[in-house]
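The values are calculated or read from the model by the stated rules, or taken from the named source; none is laboratory data. Model, not experiment: these values are computed from the prediction. FYI the Cβ positions are ideal-geometry reconstructions off the backbone, even for glycines, and counts take in every protein chain you see. Accessible surface areas use protein heavy atoms only, side chains included; no ligands, DNA or RNA. Shrake-Rupley method; radii C 1.70, N 1.55, O 1.52, S 1.80 Å.
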Amino acid sequence: MAETQTLTSDWGALSPHLIASFWEVDREGNKKKDSDVVVKAAVSDDANLELTLNWQSPFEQAGPETKAPTLFALLQSGVVQPLIDSVIGGNKGGDANVKASQLLQQFEGRTGITKLNSVQVFNGMPPAKIPMTLLFRAWRDPVTEVETPVDQLMQWALPIELAKDSTLLTNAVDAVKGSKDWIEAVLPSKSPTLLALNYKGRTFAPMVIESISQPLTAPIDSRGRFVEMSVQITLATLTAIDRKYWQSIYKPSLQ
């Protein structure tokens, strides 16, 4: 088994709990056997785990207000009474007008909202996201401490390979001829790799890099090599997570 190659800056006595580690994994979150590279970076204080839970009220439109919204708005607000008075002439109309007024007054201040039609139901959730800023800086060698680890992160974020001038029709013809198998014909390109993130004793895997930025205005040395860099990155879980997944990752080391 090949020795693990760690790409990182020299952080001296900095606590290892403040350093994030990344490595390649398969869809089950297990370390890939053919990968022996680990990237480590210090993390600034703006790293967050973001969970969005979609709760909706599907019965919200079940009340009578949705069937005749203008009419019920007039009844509930009491605005309809002056309107009727102006039409039938104020107090004219005798007992019928009095009874109508009493009936209309009963609508004021009431609503069709109930606990039933306001109840929320869980309607799914997107994958969890972790936006963070990774810090790299060089004490001795800008190439090994900054350039190389950042380059590795960029390679992991990008597709492994994009097919050139390839269409389904031409690939199907090649597959029929036997020069290309059907899987390669239908899906000719290779997607980015999956990663694991370990930070403060918690391991999130598998993860994907949704976005990554490389500041080109970062400080350089006399040879144009970056000596310091803050890389903003957003990772996301491959799928939405559940309680079992959370219990498996949320076990901080007690060492």
remark   = Scanning region 9-37 residue by residue, the ones that are open to solvent by less than 40 Å² (accessible area, probe 1.4 Å), over 24 Å from the mean Cα position of the chain (by Cα) and within 23 Å of PRO192 (Cα to Cα) total 2
task = Six or more apart or on different chains, Cβ under 9 Å: which pairs go from a residue in region 145-163 that's farther than 20 Å from LEU197 by Cβ to one that's open to solvent by less than 80 Å² (accessible area, probe 1.4 Å) and part of a helix (DSSP H, G or I)? Could you list them?
result = ALA163/ASN171
task = Quick one: in region 210-237, of everything that is in a strand (DSSP E or B) and touching a Pro at 6+ places or on another chain (Cβ under 7 Å), which residue is surrounded by the most Cβ atoms within 10 Å (Cβ to Cβ)?
result = MET229
